[in-house]
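The values are calculated or read from the model by the stated rules, or taken from the named source; none is laboratory data. The model shown is predicted, which means the values in this text are computed figures rather than measured ones. Every residue, glycine among them, receives a Cβ derived from its backbone with ideal geometry; neighbour counts consider all protein chains shown.
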Amino acid sequence: AVRLRVREALGAREAAAAVRVQGWVRSVRSQKEVLFLHINDGSSLESLQVVADPSLEKKDLTFGSAVEVQGKLVKSPHRMQNMELQAETIRVVGPCDIWSFPLKMKERHPLEYVRQFPHLRCRNNTLGALLRIRSEATAGIHSFFQDNGYVHIHTPIITSNDCEGAGELFQIETSREAKESAEKTHFFNVPAFLTVSGQLHLEVMAGAFTHVFTFGPTFRAENSQSRRHLAEFYMVEAELSFTESLQDIMQVMEDLFKTVTSTVLSKCPRDVELFHKYVAPSQKGRLEQILKKKFMIISYSEAVEILKQAAQTFTFKPEWGCDLQTEHEKYLVKHCGEVPVFVVNYPYDLKPFYMRDNEDGPQHTVAAVDLLVPGVGELCGGSLREERLPFLESRLQRLGLTDTYQWYLDLRKFGSVPHGGFGMGFERYLQYILGVDNIKDVIPFPRFPHSCLL
Ligand code: 4AD
Ligand code: MG
């Protein structure tokens, strides 16, 4: 028999004898004359209908069990599906104890419910759709950069620096070091951390390859129980040499967003539809509109002026020099008509050491940009980097970081060029395009304060 995935069977053009399909039972319906099964193997949202003689029914053939069905693939008489499988044999590969199985047949389980079972929730339609979309988006991101001449770099996960300087690092110690904490030795001789961003390593590589990107896990010990923070998340980062304007960086962000989103919409229309139908009905059709629109650009100073007009609506009063809070970001996006908005030129004192000084004043800013999107807030953060040795030296000196960043200063001595880049939070991206409220529902195994299941 020819082995077919469910997706292939459903899409077959013509009938075929001797076909074998494997998967997990999504429903069993037993009638006097006929037994109906639906089996799913993760290759598509739709399950394949299996029609069998009731004599093939057996005790272990239940919802959730793993089965192998062999038979004839035929045109289905039902309008809703193309093909169905007429079973000749059904083998239960692995039975399922339905009484203790947390998923129930034909039930739309709430996302908060299935979150309790990270080892089983992928068998649920919503998580299934999400993970297929996540996979296509990952491929789309790689294609976008590869097609545009960027070199992919595997930046390290273990590093000795704190790129963002926000002190939200997970420090690494071996299990032996943890036990013998009296002995202050380090495996690497220096304290080492899980990376918060691959940016500094990308800057090294942009100094040779011009355009580079990375797409890997990043880690932040942010003690926030919010709907948009994880302790382990994936970040897409790009770095471009010979770039003198933030406009160029914003253009890449916008192109990346639009290209990858169109890919996802065309590759997984049914999976996306599930979200826009059941999870975020208000998103329906919105995304297609946004893909056609130019993203807006406002400066941080303009943003603060807009916020001040509505000061009474905020818990945190907007003030020039203060970080934009979630409530501020939400308001700005709404004010701009619920479209993505770039906010540029943030206060010098708010941002990390590597951002390029705009040398303006008295409201002193750096060439930074954040992309804010409806429902999520900050999706991307980027900047031009300080490529001028004297500027960088004096900033690092004031922060007491000159020794740590000798190598970074070196980059400004040996063929320094104007450059810049950005990072996009991959989970926030998925949250936005799918309209998912909680970031924990867009990653297979979420890590957040007080929770590291599995
Ligand atoms: O704005 P951030 O901190 O920027 C950087 O790390 C830069 N070094 C990137 C660069 O220029 N190469 O983080 C970038 C994005 C944020 O805009 C947000 O979408 C996401 O990463 N992000 C998080 N996503 C989930 N959970 C968290 N705890 C996140 N922190 C940041
Ligand atoms: Mg940021």
Answer yes if at least one residue in region 422-435 is surrounded by 13 or more Cβ atoms within 10 Å (Cβ to Cβ), within 26 Å of S160 (Cα to Cα), among the hydroxyl-bearing types (S, T, Y) and in the same structural domain as R227 (by TED's automatic domain parsing), and no otherwise. no
Counting only residues that are more than 27 Å from G381 (Cα to Cα) and either at pLDDT 95 or above or aromatic (F, W, Y) (or both), region 275-290 contains a total of 1
Subset of region 339-353 [touching a residue at least 40 places away in the same chain (Cβ under 8 Å), assigned to a loop (DSSP other than H, G, I, E, B) and either hydroxyl-bearing (S, T, Y) or touching a strand residue (DSSP E or B) at 6+ places or on another chain (Cβ under 9 Å) (or both)]: V339, P340, P352
Being free of Cβ contacts under 8 Å to residues at least 24 places away in the same chain and either in a strand (DSSP E or B) or under 20 Å from L35 (Cβ atoms) (or both) is the filter here, so list the residues in region 82-104 that pass it. E88
Being within 16 Å of ligand 2 (Cβ to nearest atom) and part of a loop (DSSP other than H, G, I, E, B) is the filter here, so list the residues in region 372-411 that pass it. V376
Conditions (1) in contact with a strand residue (DSSP E or B) (Cβ under 6 Å, 6 or more places away or on another chain); (2) without any contact (Cβ under 8 Å) to a residue 40 or more places away in the chain: number failed by R79: (1)
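To keep it simple, each residue is scored yes or no on (1) hydrophobic (A, V, I, L, M, F, W, C); (2) over 21 Å from I439 (Cβ atoms); (3) part of a loop (DSSP other than H, G, I, E, B); (4) out of contact with any helix residue (DSSP H, G or I) (no Cβ under 9 Å at 6 or more places or on another chain).
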{"position": "L61", "(1), (2), (3), (4)": "yes, yes, yes, yes"}
{"position": "V74", "(1), (2), (3), (4)": "yes, yes, no, yes"}
{"position": "K106", "(1), (2), (3), (4)": "no, yes, yes, yes"}
{"position": "G128", "(1), (2), (3), (4)": "no, no, no, no"}
{"position": "T138", "(1), (2), (3), (4)": "no, no, no, no"}
Cβ-Cβ under 8 Å pairs, at least 6 apart or on other chains, region 29-55 side farther than 16 Å from A66 by Cβ, far side in a strand (DSSP E or B) and among the aromatic types (F, W, Y): R29/F36; S30/F36; Q49/F36; V51/F36; A52/F36
Looking at region 140-161, can you tell me whether even one residue there is hydrophobic (A, V, I, L, M, F, W, C) and at pLDDT below 95? no
Of all residues in region 4-38, count the ones that are surrounded by 12 or more Cβ atoms within 10 Å (Cβ to Cβ) and closer than 19 Å to R91 by Cβ. 20
Take Y278 and tell me if it is touching a strand residue (DSSP E or B) at 6+ places or on another chain (Cβ under 7 Å) and either among the aromatic types (F, W, Y) or in a loop (DSSP other than H, G, I, E, B) (or both). no
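Before we move on, is A166 within 11 Å of ligand 1 (Cβ to nearest atom), over 21 Å from the mean Cα position of the chain (by Cα) and buried (at least 18 other Cβ atoms within 10 Å of the Cβ)?
No: the conditions fail for A166.
If you check L194 against the conditions, is it crowded, with 20+ Cβ neighbours inside 10 Å and under 25 Å from C380 (Cβ atoms)?
Against the criterion (crowded, with 20+ Cβ neighbours inside 10 Å and under 25 Å from C380 (Cβ atoms)), L194 does not qualify.
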Residues of region 228-238 being buried (at least 22 other Cβ atoms within 10 Å of the Cβ) and more than 7 Å from ligand 1 (Cβ to nearest atom), which ones? V236, A238
Qualifying position, being out of contact with any His (no Cβ under 7 Å at 6 or more places or on another chain), in the same structural domain as E164 (by TED's automatic domain parsing) and within 28 Å of I433 (Cβ to Cβ), among Q312, Q325: Q325
Just wondering, is there one or more residues in region 420-442 that are more than 12 Å from ligand 1 (Cβ to nearest atom), over 30 Å from the mean Cα position of the chain (by Cα) and assigned to a loop (DSSP other than H, G, I, E, B)? no
Matching option when the condition is in contact with a Cys (Cβ under 9 Å, 6 or more places away or on another chain) and either within 16 Å of ligand 2 (Cβ to nearest atom) or in contact (Cβ under 8 Å) with a residue 40 or more places away in the chain (or both), among T195, T261, T214, T218: T195
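Going by what's in this entry, would T138 be described as in contact with an Asp or Glu (Cβ under 9 Å, 6 or more places away or on another chain) and among the hydroxyl-bearing types (S, T, Y)?
Numbers: in contact with an Asp or Glu (Cβ under 9 Å, 6 or more places away or on another chain): no; among the hydroxyl-bearing types (S, T, Y): yes.
So T138 does not fit the description; no.
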Given (1) of a type in the set (A, V, I, L, M); (2) surrounded by 23 or more Cβ atoms within 10 Å (Cβ to Cβ); (3) within 30 Å of A280 (Cα to Cα); (4) more than 15 Å from ligand 2 (Cβ to nearest atom), number of the condition V369 does not satisfy: (4)
